[in-house]
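Data first, discussion second: the structure below is written as structure tokens.
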Amino acid sequence: MQRHFIVFVVALVCAPSANGQQTDVGRRQFAARCASCHGADGAGGEFGPSILDVRRTGPAASRSIRNIITEGIPESGMPPFSLRPEELDPLVAYVEGLRAPAAAHPPEGDARAGENYFSGKGNCMACHMVAGRGGILGPDLSNLGREARLAQIEAALRDPNALPVTGYRQVSVRLRSGQTLRGLVKNESNYEVQLLVLNGTLRILQRDEIAEETVETKPLMPPLNATEPERRDLLAYLSRLSTDKSPDAVLAGQGRPQGDPSFSAIADPNPTDWLTYNGHLSGNRHSSLDQINTANVAQLGARWMFNIPGSRRLEVTPVVVDGVMYVTMANEAYALDAASGMQIWHYSRPLTKGVIGDAGTAINRGVAVLGDRVFMVTDHAHMIALNRFTGQLLWDSEMADFRKHYGATSAPLVVNDLVISGTSGGDEGARGFIDSYKASTGEHAWRFWNMPAPGEPLSETWVGRAIEHGCVDSWLTGTYDPSTDLIYWPTGNPCPDFNGDERKGDNLYSSSVLALEPKTGKLRWYYQFSPHDLHDWDATETPMLIDAELRGRQRKLLVQANRNGFFYVLDRVTGEFLFAEPFVKKLTWASGIGPDGRPKLLPDQEPTPQGTKTCPAMGGATNWMSTAFNPATGLFYVMAVEACNIYVKSSAWWQPGQSFYGGGARRVAGEAGQKFLRAIDIQTGKIAWEVPQFGSGSSAGGVLSSAGGVLFLGDDSGAFAAVDAKNGKPLWHFQTGAAFRASPMTYVAEGKQYVAIAAGSNIIAFALP
């Protein structure tokens, strides 16, 4: 069967004239004034770049052709040209004609017939993808009409070998083992070759594994063999392909890609991989790997570092599958060789203007994986799926309208064939929810609203007008237990944060954990940690799932070190409250948690217009930094903060585009916060040992436990460190010079255990010599 492998050709085939006489004048002006630098065809010359790339960025990207000609580009050496209108107008028209993408002036033809040819007789979808459907051996053509000119498309169909495209050089590789592989070189260096094998799998080969590499000159795509009507209709279809959703755009419908994803590897993960945000669906960052242990961790060293350009602060936890690492920042995903840090592919889309709150700070905490795809959220609250091997976009589903103050920052959670996430925007008045999508198609499956709308059940727990902008978002990844078939999702604080006058009552389900059925989103039970929260102590800390004997009985537990300063132990089957103990000493708002699971409130701890000192501080006794539990020690590990704030209440009301705090919190004069690494005995809730941190207490590095008896942490001083999990004894450290906003993970690549963490704008991986 015929395979059409459409290659982007950068040689120019002259664009058709829009007006014969004017075009002739424009051509002459171009030859006289522009060709000496930019080449006679505009494709680039000795002194100037190509002006034909419709996707070009740089100093001139946002300026009109007319302004560039008349004003020049001083920073790049291009002088201004003073031209009369009768000279300037034809020149501008001619240059615009040269640069126009195919979608700007699509040719005549039946685009629907061309789409049928593309997916049918032409067999183009065997290699190419459009809107999430098709193969991965050719470039994604979803936006071809905006990324290429008509002449380029025509040239590629006539001669697929016109020019090679980065990432699609076809080779045959003979390994020293005797195996021969045919595929496309996605990336390479002097040390390795990243090969997309023609069967669709990715192989990362070290140079010393390769006995011979042969470039295949015969392309996968033959020259177009079609009738003239078929050629005309195919060009009409390809030139209109666009992701801008304009009326003229022809987009193929989304459908199920080749291969059914599997969930078994995620539910029972191989310790050599790190398949989810926390490594385990249970939320426990404990690894059974022990190659790195207390006896040799002092020999640990940095093995590679990958910098993510433009990232102000990375909050991502890397995910590793089959030797490939996936990391993110807002609206960008990278696939890396987990053994070397070398980039395999990069997906990006522009940051969204107008996004506010956490999502507006360009943070993203990572991906979920399932089968052949990678899932992530965007800053403007979309869920997207990418091909795991190429980074091609498979589907894009809007979770919420970002203009209504929604955003998204967390790593999604995969459960069976569903991808689940909440949104950010929890202090901007957006009504929080948890959303579920089909992993195969992006089709919406269900939604659970975290708080009622006016007049709905539970609205009686929101007495006052704050219910219209009550917040309660879910901005951190939840957990899942296959044995109970329940997902456990933490929820955010109510709004306004510091003034409860217009939201009297418990404000359900704010500052809670929800147990939901993953197939339907139906609520099975809930537990509210901080009823009627007045201090911004949301419950978006990991709800960790542990099977352990407690007080002589084997139980399925849910444990959480909550932002309000108490360590909680619940029965995760029923939601029964078992006990809670404080894990910080500076705790003034409650004397304890009663047998009914409700806090015993202390007087004079609510925010006032004058200000009230309360502990913990607004940032919490802990926050979203990850926790861990080691079954060998029986200890739960958490980064705890000893700090207080002056909480102030105000009557400020919700305004579009602003946070809805109803007050604020400030530091206590003369008091500095301090962070401690603390180990908690889950049998009693008591602190077994602690390691003080030196710094402001403002970083957010979490912990990682391992079977080697080592506990890794992002130290408040900027050091990535290891201590003995039994007693906290310092074992090793590496100064990164960064304030941690992420938590560590571990994996195996090429037989070696690595530990990796995001520090500042870098991903750093450590291993033994």
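The values are calculated or read from the model by the stated rules, or taken from the named source; none is laboratory data. In this text, all values refer to a predicted model and were calculated from it rather than measured experimentally. Using ideal geometry, Cβ is built from the backbone for each residue, glycine included, and neighbour counts are taken over all protein chains shown. All accessible areas refer to the heavy atoms of the entire protein, side chains included, with ligands and DNA or RNA removed. Shrake-Rupley method; radii C 1.70, N 1.55, O 1.52, S 1.80 Å.
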Ordering Lys613, Lys218 from largest to smallest accessible area (1.4 angstrom probe), what's the sequence? Lys218, Lys613
Based on the alpha carbons, how large is the Rg to Rh ratio for segment 445-569 when Rh follows Kirkwood? 1.00
So, for the Cα atoms of segment 359-400, Rg and Dmax in Å stand at 10.5, 31
Roughly how many percent of the accessible protein surface of the chain is carbon and sulfur, given a 1.4 Å probe and a whole-percent answer? 50 percent
Hydrodynamic radius by Kirkwood, which averages 1/r over all alpha carbon pairs of segment 515-640, in angstrom: 15.7 Å
Kirkwood-based shape ratio for the chain, expressed as Rg/Rh from alpha carbons: 1.02
The distance between the Cα centres of segment 284-313 and segment 382-450, in whole Å, is 29 Å
Neighbourhood net charge (14 Å Cβ-Cβ; Lys/Arg +1, Asp/Glu -1) for Gly718: +1
Roughly how many Å² is the accessible area per residue of segment 530-642, as a whole number, for a 1.4 Å probe? 34 Å²
Derived scalar couplings ³J(HN,Hα) [segment 413-422; Karplus, 6.51 cos²θ - 1.76 cosθ + 1.60; whole Hz; x for Gly, Pro]: 10, 9, 9, 6, 9, 10, 10, 10, 7, x
Cβ-Cβ cut-off under 14 Å around Pro271, Lys and Arg +1, Asp and Glu -1: the net charge is -2
Residue pairs, from the table Lys186/Lys519; Lys600/Lys649; Lys121/Lys218; Lys504/Lys686; Lys522/Lys649; Lys404/Lys613, whose Cα atoms sit over 30 Å apart: Lys186/Lys519; Lys504/Lys686; Lys522/Lys649; Lys404/Lys613
For segment 65-143, inverting the pair-averaged 1/r of distinct alpha-carbon atoms gives a Kirkwood value in Å of 16.1 Å
Whole number in Å², please: accessible area per residue of segment 359-492, 1.4 Å probe, ligands, DNA and RNA not counted. 25 Å²
Please name whichever of Gly714, Ala411, His380 sits farthest to the positive end of the charge dipole of the chain, dipole taken about the Cα centre and charges placed at Cβ: Lys and Arg +1, Asp and Glu -1. Gly714
Dimensionless Rg over Rh [segment 365-505; C-alpha; Kirkwood]: 1.02
Given charges at beta-carbon only (K, R positive; D, E negative), |dipole| of the chain in Debye: 420 debye
Based on alpha-carbon atoms only, what is the radius of gyration of segment 583-708 relative to the globular estimate 2.2 N^0.38 Å? 1.23
For the chain, find the longest principal axis of its Cα atoms and tell me its angle to the long axis of helix 228-240, 0 to 90°, nearest 10. 40 degrees
Using +1 at the Cβ of each Lys and Arg and -1 at the Cβ of each Asp and Glu in the chain, identify which of Asn293, Pro229, Asn623 lies farthest towards the dipole's positive end. Asn293
Note down the net charge around Phe766, summing +1 for each Lys or Arg and -1 for each Asp or Glu among other residues with Cβ under 12 Å from its Cβ. +2
Regression test value, accessible area per residue of segment 73-209, probe 1.4 Å, units Å², expected 45 Å²
Accessible surface of Trp732 in the full protein assembly, 1.4 angstrom probe, to the nearest 10 Å²? 30 Å²
By the Kirkwood definition, with r running over pairs of different Cα atoms, segment 184-246 has a hydrodynamic radius in Å of 15.4 Å
